[in-house]
Structures are given as structure tokens and as C-alpha cells.
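Take a look at the structure below.
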Amino acid sequence: MKLARFRTGERECIGAVEGDQVVDLRAALTAAMMGAGMSHDQAAAEAAERIPGNMREFLAGGGPLLQVAHEAVAFAHAYPDHLLAGQPISYPLASTPLLCPIGDPQKIICVGQNYRDHCEEQNQPLPERAIIFAKFASALTHPGAPILLPKASEKVDYEAELAFVIGKRAKHVSEEDAKDYVAGYMCFDDVSARDIQMHPAEKQWIRGKSPDTFAPCGPYLVTADEIADPHDLDIQLTLNGEVMQKSNTSNLIFGVYYLVSHLSKTMTLEPGDIVATGTPGGVGAFRNPPVWLKPGDEVSVAIEGLGTLTNPVAAE
């Protein structure tokens, strides 16, 4: 299932992308239960209990809530023009702006130098241990929303990444069991202010990677059951239509399940936590000459099975 967040009127909704439609899961479930004989008020109250308004809470519900979501999507598919209190239960994807799938993660954990081809372009040996850093949640931005170039930086770079999202609390998880803790996968752009990150007097990875809007993600979260092998997905980034990064997640040095286990040895992972697994070769900083983002650019991250995340670039 492709889980999404979107806004209709004043309300933020959890939805599922189904073909060219976005299904409002709570509204569709309400309509389905009314079709089975419940009153509107009873159905709306039960749907509100079964479909939380927060994606972290939804993911924490695990398989049972996904089953409920499938029931809601099935009703919307069978009755695409159904109205609930005069409002649709699904919306055209083309005209419904999606929000970043997780709006309030407790943690955004990132992995540095985690692709073989990225290490090669830097003339760096493969790391013996995973290099971990963080981005702040205030850096999140939505699909289609602009990446804002901060006044404090003149060298802003792109980084296409596969991100996974935790589905249930994880502590001291074995690598063999790690798959059970991954809710799903999505595209992620680890935008980076290189002149802050790499300045010889500063070298502040977190400050250089956490300016506002420097963590676009989405366009939706694809549930883990739809991805047979997260370590065999084509990944690419285009800048104004030109391919800048092109690789496959088979080039990851530290894989998804290793990272779940490794991270859970020192911190408790919670539902909704985002882990960005690193970027392949082709970043702007190591091109000759370097390529930096500028106002008017358009950046797209595409990962096999996960859709395409596109963001324009603008000055702060």
C-alpha cells in the first residue's frame, strides 16, 4: 500500500494512493460501515478510533490497521464517486498535493558514505563502521514544495537516498528479526550545505544538513510488504531533467536490516522514525566542476517501486 498524508480544507488526512486517486482512509471506512448498516455518527466515531489522524500512530497499529486500510480502499475502489456528507472519499492524485509521509518523526537518522560508488568518487576507503548523523524534523518538506537555499550557504548539494520508516518500537533487535520492524520505504533527498558541512574550521554535519526544507521526502510511504528486496532497487536523481546520480541499492555497504539492528543497540527506535540510508555517487560536490543548486532548479529523486519525489529550488 502507498500511504500518504494530504490536506483537504482545514483537515489533514491519512490516505492511500490507489491508481490516480488518493483515498481518504477515515472517510472511506466511515462510508463502508454506513453501507453495512451503521448510522453516520456511530460509523464516524468508530472510523476515527480505527484510523488515527497521525501517521506515527497509524504505523504503530501494525498489521491490524493495515487490514482496516485495505478494507477502506476496497470500498473506495468499488464506489469511486461515493460522497460522505457531501464530500468525496477519494480525490484526484494530480490535483491533490501530498504532504511528507511522516510529519512529526521523533528522529531522522542518516548514514554517511554508505554507497561503494560514493566512496569511490571521494577516493575514500569503505567505512568499517556505519557513519551516523542526524537531521532535525524542522528540515522536513513536502513533495512539490521548494527547497530553500539559505543565505548562510553558497554551496548547496543534492543527495538521493532510500529511506525506511520504523513501524514498531525496536531495542536490541537482531539483524534476522529486523525486517519485522520496518513499516515501509520512501524517497529522501539529504540536501546538504557543503560549505558549512566541510568548512575546515567548522565541519558541522548537522548544521550543514538541517537547514529548513533540507529533508524532502515522499511522495508516499510504500509499505514493506510491497518491496521484495530493499537491497535491489534502482535509484537515480535528475537535476533539471539531467541524470546526476544513477545506482542501485545493492551498492549499499550497510543494509537496511543491519542498520535497524545496529541503531537499536544504542537507542530505542520508535514508530515513525526515519532512517535515510546514504547516497550513491554523482553528488554535486565531487563533480568537476562542482554543481550547486540554484534558484529555478528542479530536483527529482526516483527509486524503483517508490515513485518520484520532485522539488523546485528557490532562494530563502
Exercise for review: Scan the range 235-258 and give yes if some residue there is touching a strand residue (DSSP E or B) at 6+ places or on another chain (Cβ under 6 Å), modelled with pLDDT of 95 or more and of a type in the set (Asp, Glu), otherwise no.
Suggested key: no
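Against the definition (touching a Ser or Thr at 6+ places or on another chain (Cβ under 9 Å), surrounded by 14 or more Cβ atoms within 10 Å (Cβ to Cβ), assigned to a loop (DSSP other than H, G, I, E, B) and not charged (D, E, K, R)), how does residue 272 come out, yes or no?
On the way: touching a Ser or Thr at 6+ places or on another chain (Cβ under 9 Å): no; surrounded by 14 or more Cβ atoms within 10 Å (Cβ to Cβ): yes; assigned to a loop (DSSP other than H, G, I, E, B): yes; not charged (D, E, K, R): yes.
No: the conditions fail for residue 272.
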Review point. Among (1) at pLDDT 95 or above; (2) of a type in the set (Lys, Arg); (3) over 27 Å from residue 144 (Cβ atoms), where does residue 56 come up short?
Key: (3)
Review point. Does residue 180 qualify as being of a type in the set (D, E, K, R), surrounded by fewer than 17 Cβ atoms within 10 Å (Cβ to Cβ), assigned to a helix (DSSP H, G or I) and in the same structural domain as residue 251 (by TED's automatic domain parsing)?
Key: yes
Exercise for review: Could you tell me whether residue 153 is farther than 25 Å from residue 96 by Cα, modelled with pLDDT of 95 or more, assigned to a loop (DSSP other than H, G, I, E, B) and in contact with a strand residue (DSSP E or B) (Cβ under 9 Å, 6 or more places away or on another chain)?
Suggested key: yes
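Would you confirm, using the coordinates I've provided, whether residue 253 is among the hydrophobic types (A, V, I, L, M, F, W, C) and either within 22 Å of residue 138 (Cα to Cα) or in contact with a Cys (Cβ under 7 Å, 6 or more places away or on another chain) (or both)?
no
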Point to revise | Matching residues in the range 244-262 - criterion: being of a type in the set (S, T, N, Q) and in contact with a helix residue (DSSP H, G or I) (Cβ under 7 Å, 6 or more places away or on another chain) | key: 247, 251, 261
Check your understanding: Do we have any residue at all in the range 245-263 that's over 19 Å from the mean Cα position of the chain (by Cα), loosely packed, with under 14 Cβ neighbours inside 10 Å and not polar (S, T, N, Q)?
Key -> no
Practice item. Confirm whether residue 168 is in a loop (DSSP other than H, G, I, E, B), assigned by TED's automatic domain parsing to the domain that holds residue 299 and more than 21 Å from residue 311 (Cβ to Cβ). Key: yes
**Study point:** Selection count, the range 103-118, where residues are farther than 13 Å from residue 192 by Cβ and surrounded by 18 or more Cβ atoms within 10 Å (Cβ to Cβ)
**Key:** 7
Study note, to complete from the structure: Picking from 112, 103, the residue that is of a type outside the set (A, V, I, L, M) and out of contact with any Gly (no Cβ under 7 Å at 6 or more places or on another chain) would be 103
Review point. Somewhere in the range 220-229, is a residue within 30 Å of residue 96 (Cα to Cα) and aromatic (Phe, Trp, Tyr)?
Key: yes
Exercise for review: For residues that are buried (at least 18 other Cβ atoms within 10 Å of the Cβ) and among the polar types (S, T, N, Q), tally how many sit in the range 74-95.
Suggested key: 1
Point to revise | Selection count, the range 106-117, where residues are at pLDDT 95 or above and either of a type in the set (A, V, I, L, M) or assigned to a helix (DSSP H, G or I) (or both) | key: 3
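Hey, can you tell me all the residues within the range 129-152 that are buried (at least 22 other Cβ atoms within 10 Å of the Cβ) and touching a helix residue (DSSP H, G or I) at 6+ places or on another chain (Cβ under 6 Å)?
Quick first cut of the range 129-152, residues buried (at least 22 other Cβ atoms within 10 Å of the Cβ) only: 135, 140-143, 147, 149.
Selection gives 135 alone.
When the range 1-56 is examined, which residues are found to be among the acidic types (Asp, Glu) and in contact (Cβ under 8 Å) with a residue 60 or more places away in the chain?
Hits for the range 1-56 are 12, 18, 20, 24.
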Exercise for review: Looking at (1) in a strand (DSSP E or B); (2) surrounded by fewer than 16 Cβ atoms within 10 Å (Cβ to Cβ); (3) among the β-branched types (Val, Ile, Thr), find the lone condition where residue 266 falls short.
Suggested key: (1)
**Study point:** Residue check for residue 238: surrounded by fewer than 17 Cβ atoms within 10 Å (Cβ to Cβ), assigned by TED's automatic domain parsing to the domain that holds residue 128 and among the hydroxyl-bearing types (Ser, Thr, Tyr)
**Key:** no
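The values are calculated or read from the model by the stated rules, or taken from the named source; none is laboratory data. Values in this document were obtained by computation on a predicted structure and should not be read as measured data. Note that each Cβ is placed from the backbone with ideal geometry, even for glycine, and that neighbours are counted across all protein chains shown.
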